[in-house]
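Asks: One structure, as structure tokens, below. Some questions next.
The values are calculated or read from the model by the stated rules, or taken from the named source; none is laboratory data. Owing to the predicted nature of the structure, the values given are computational and were not obtained by experimental measurement. Note that each Cβ is placed from the backbone with ideal geometry, even for glycine, and that neighbours are counted across all protein chains shown. Accessible surface areas use protein heavy atoms only, side chains included; no ligands, DNA or RNA. Shrake-Rupley method; radii C 1.70, N 1.55, O 1.52, S 1.80 Å.
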Amino acid sequence: MTDSLLSPYQVLDLTDANSHFCSKILADLGADVIKIEPPGGDPARNAGPFYLDRPLAEHSLTWWAYNTNKRSITLNIESPGDKDIFRRLASRAHFVIESFTPGFLDNIGLGYSTLRQINPGIILISITPFGQTGPYKDLKASDIVLMAMGGQMFSAGDPDRPPVRISVPQAYLLACAHGAAAGMIALNYRIRTGQGQHVDVSAQAAVARLLAIEYSIWEFNKELSQREGALRPLGNGLKFRLVWPCKDGTVTFRFGIGGHLRGVLPLVSWMVSEGKAGLLEKVNWEALRKPTTITKEIESWQSIFADFFLCHTKTELYEGRHIPLFPVSNLTDIIHDHQLEARNHWVTVEHPELGTSFTYPGSPTRISLTPWQIKSRAPLLGEHNQKVFSELEATALHNKTNESTVSKPNQLKELNQPNKLNDKALEGLKVLDFTWFLAGTLVTKYLADFGAQVLKIESPSNFDQTRASPPFKDGKPGLNRSASFRFYNSSKKSVSINLSNPRGKDMVLELAKWADVVVENFTPGVIARLGFDYDTLRQVNPKLIMLSTTNQGQSGPHSKHPGFGWNLSGLGGFNH
């Protein structure tokens with residue numbers, strides 16, 4: 001293993017409690033994050049719950065959770081002396097992340113226009129409720145307000161009750177994830193051009209960005225997605241249950257036709273073996289393989305499935321069966337989850353000041369050479385003042401000593417010119433896209449929308465199943481008529497290749513030589529059977545980056561268990 005992914009980069013963190021997660025992502029990927037706190041400490045240190053229920057500033061579990069791997073210094077950035085120290089820190093930093101009210105940094109002389117004069121390559125990430133511009137820019141907003149104004153709550157909950165939100169706050173976490181991703185995209189642009197950028201993140205827009213299918217339904221049908229509770233639309237006005245009671249709790253299961261049918265058939269076979277399939281035993285399943293086949297009869301099958309689930313526990317329904325059915329986990333289930341244990345998800349973090357250690361959730365990703373790691377617990381207040389200030393003085397001394405030999409590139413003339421609005425942050429990046437059905441395709445959509453050249457690999461017999469997802473143009477199903485497919489695949493190009501044909505495989509290997517990145521979200525093992533696993537592709541292109549995104553990773557006892565995003569909402573505890 002080499003250094004962490006972002007080990008060369010330094011981040012100055014000025015965020016409040018809502019936005020600590022953005023810099024945590026960068027810190028856990030190896031960046032040197034310096035948390036800059038007022039002399040009295042970040043107010044987030046006083047947020048409960050607390051270790052041993054003692055409301056002490058250094059005992060906040062919220063602070064611990066969102067500030068791993070960071071260093072802490074204390075500065076009053078509104079005082080002249082400390083403001084000068086911040087400017088000196090910014091002159092050598094790569095990122096500044098802040099969440100003040102728009103205009104605050106400008107008013108104290110630390111806005112982006114000032115920072116870019118000090119450091120032309122600086123990337124400023126601003127995370128606010130509604131962004132830096134617009135009529136709401138000065139308003140404050142809690143999570144529930146942002147989830148409502150971002151559109152997520154309108155369609156969430158039971159139809160005969162008011163809207164609801166996910167109980168664990170999500171709006172600012174979404175904003176922080178977007179901020180970290182946008183910061184990385186800006187970093188790629190700076191590596192190419194030397195230019196920094198101001199990244200303006202609206203938490204409301206981050207929530208609204210994920211509506212996706214709701215936009216498609218409005219565009220094609222001029223309908224608003226209504227609250228359906230445990231039901232989900234199946235097409236042709238039919239609805240099918242998503243969350244089901246079982247013998248000892250609840251599970252998620254969604255009936256599907258077309259390409260999704262193969263996940264239903266093992267369940268029906270099991271029901272037949274126990275004599276509980278009822279009408280399902282006489283269904284012509286072959287006819288239902290056509291995505292255009294949606295009949296009222298399907299909706300009537302729900303009671304048969306419901307009776308069967310009530311006869312079995314969550315574990316019986318989930319383990320040992322290749323069915324797109326997942327348990328609805330509570331926190332105890334998650335802590336003892338066999339899949340997370342097998343992937344060493346939980347990490348031990350030492351707290352030497354307390355003489356003990358604690359178990360933290362670890363990384364959702366595995367990066368083969370530059371791992372995501374939690375190396376240290378959240379910092380104590382001002383714990384790194386001496387170290388950081390000594391580094392700053394050493395840098396100043398080094399620069400003064402080498403002043404005669406250090407060139408000072410004059411980039412300000414170029415920076416003061418108007419930005420080209422057609423610049424593409426990921427221009428030149430070449431991506432092979434093997435993704436299908438929503439989650440995977442959204443990854444490559446982000447890359448494509450930011451300028452990468454994305455080639456989507458499909459074939460008439462193995463197409464992205466989003467093409468079979470309603471709503472359809474004029475209500476007529478067709479592989480090129482799905483609004484959902486169009487939404488998730490903007491800015492891409494489509495290439496039809498038969499992957500089971502030797503000539504088709506040769507074509508893919510040639511494209512792998514051309515590509516910088518390959519993205520796939522097949523069930524683990526599928527891409528290897530096709531002959532395009534990472535070990536094979538890197539033989540033809542050693543510089544290739546391959547992203548495999550699946551429900552539960554590439555390893556572990558449940559890695560090959562089929563399922564979709566709605567299943568993971570249950571497995572991850574949100575449905576509970």
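Asks: Report, by residue number, each residue of region 220-253 that is open to solvent by 30 Å² or more (accessible area, probe 1.4 Å) and of a type in the set (A, V, I, L, M).
Replies: Leu224, Leu231, Val243
Asks: Working only within region 133-149, note down all residues that are buried (at least 17 other Cβ atoms within 10 Å of the Cβ) and touching a residue at least 60 places away in the same chain (Cβ under 8 Å).
Replies: Matches in region 133-149: Ala141, Leu146, Met147.
Asks: OK, next. For region 522-568: of the residues being of a type in the set (Phe, Trp, Tyr) and assigned to a helix (DSSP H, G or I), which is modelled with the highest pLDDT?
Replies: Tyr534
Asks: Name the residues in region 1-20 that are over 18 Å from Ile73 (Cα atoms), of a type in the set (A, V, I, L, M, F, W, C) and either in a helix (DSSP H, G or I) or open to solvent by 50 Å² or more (accessible area, probe 1.4 Å) (or both), would you?
Replies: Correct list: Met1, Leu5.
Here is a yes/no grid of residues against (1) on the phi < 0 side of the Ramachandran plot; (2) open to solvent by 20 Å² or more (accessible area, probe 1.4 Å); (3) in contact with a strand residue (DSSP E or B) (Cβ under 6 Å, 6 or more places away or on another chain); (4) of a type in the set (A, V, I, L, M, F, W, C):
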site: Val519; (1), (2), (3), (4): yes, no, yes, yes
site: Pro524; (1), (2), (3), (4): yes, no, no, no
site: Arg529; (1), (2), (3), (4): yes, yes, no, no
site: Tyr534; (1), (2), (3), (4): yes, yes, yes, no
site: Ile545; (1), (2), (3), (4): yes, yes, yes, yes
site: Ser559; (1), (2), (3), (4): yes, no, no, no
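Asks: Test Thr313 against the criterion of being within 24 Å of Leu568 (Cα to Cα), of a type in the set (S, T, N, Q) and modelled with pLDDT of 95 or more, and give yes or no.
Replies: So Thr313 fits the description; yes.
Asks: Are there helices (runs of 4 or more DSSP H) fully within region 104-200 with at least 3 residues that are within 24 Å of the chain's Cα centre (by Cα)? List them.
Replies: 143-149, 171-193
Asks: Sticking with this structure for a sec: Could you tell me which of the residues Leu426, Leu432, Leu442, Leu479 is in contact with a Phe, Trp or Tyr (Cβ under 9 Å, 6 or more places away or on another chain), under 30 Å from Leu211 (Cβ atoms), at pLDDT 85 or above and in a strand (DSSP E or B)?
Replies: Just a single option satisfies the conditions, and that option is Leu432.
Asks: Yes or no: Val207 within 26 Å of Asn489 (Cα to Cα) and in contact (Cβ under 8 Å) with a residue 40 or more places away in the chain?
Replies: Criteria met by Val207.
Asks: Residues that are over 27 Å from the mean Cα position of the chain (by Cα) and part of a loop (DSSP other than H, G, I, E, B): does region 321-337 have at least one?
Replies: yes
Asks: Further, regarding this structure: Name the single residue, out of those in region 331-352 being polar (S, T, N, Q) and open to solvent by 50 Å² or more (accessible area, probe 1.4 Å), that is farthest from Thr250 (Cα to Cα).
Replies: Thr348
Asks: Take the residues in region 75-84 that are touching a strand residue (DSSP E or B) at 6+ places or on another chain (Cβ under 9 Å) and over 11 Å from Ile34 (Cβ atoms), then tell me which one is most open to solvent (accessible area, probe 1.4 Å).
Replies: Ranking the qualifying residues of region 75-84, first place goes to Asp82.
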